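Notes follow once the structure below has been shown.
Every number here is computed from the coordinates shown, using simple stated rules; none is lab data. If you're wondering where the values come from, they're calculated on a predicted model, not measured in any experiment. All Cβ positions, glycine included, derive from the backbone under ideal geometry; neighbour counts span all protein chains shown.
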Amino acid sequence: MTTDDQKNAALFMQLVFTFQTAAWQQMGKIKNPLTDKIEKDLNQARFSIDLLEMIRTKTKGNLSDDERNFIDKVLSELQLNFVAEIDKAQKEKKAEEEGVEKEKPVEAPEEKKEEAKAEEAFKPKAKAKPKPKTKPKTKKKDKGSSE
């Protein structure tokens, strides 16, 4: 193997590794080094995997056994994990939708008004408390005035 072949093999492996790392980040499996956060974008992950598929198709017959095995293994791992992430996202969405439906059944506004009236009708009515009696105020007589 010549030095050019070795260089090209290393570049090919690096290219595959770049798309593999991008797909792992996009599936939320590893942190994005720029934001230092786990981010998930399954559409972008699909795109990265599709790019690797295209590279494998376009390089078919031109790869060494090691290169072919590497890209096959990478694609297999990514595709299996991608399917698992899609299933997980669908289950989470379904559970979220069911949870919202169970927590808050939607009622028509008229039904709420009727319920409030019915509740009010069955509430015990409080007896009115009698007002306390107060003594009428009397004016004090001036000592200096004559009556």
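The figures follow:
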read-out: Under 5 Å, built H, 5+ apart or other chain: amide partners of E39; value: G28, N32
read-out: Karplus-derived HN-Hα couplings along segment 25-33 (A = 6.51, B = -1.76, C = 1.60, θ = phi - 60°), whole Hz, x at Gly and Pro; value: 5, 5, 8, x, 8, 9, 6, 6, x
read-out: Total formal charge among the other residues, if their Cβ is under 12 angstrom from that of M13, Lys/Arg +1 and Asp/Glu -1; value: +1
read-out: Among the listed pairs K58/K91; K7/K31; K29/K94, those beyond 32 Å (Cα-Cα); value: K58/K91
read-out: Phi-based couplings in Hz for segment 67-83 (Karplus 6.51, -1.76, 1.60; Gly and Pro marked x); value: 5, 4, 4, 5, 5, 4, 5, 4, 5, 4, 4, 5, 5, 5, 5, 5, 4
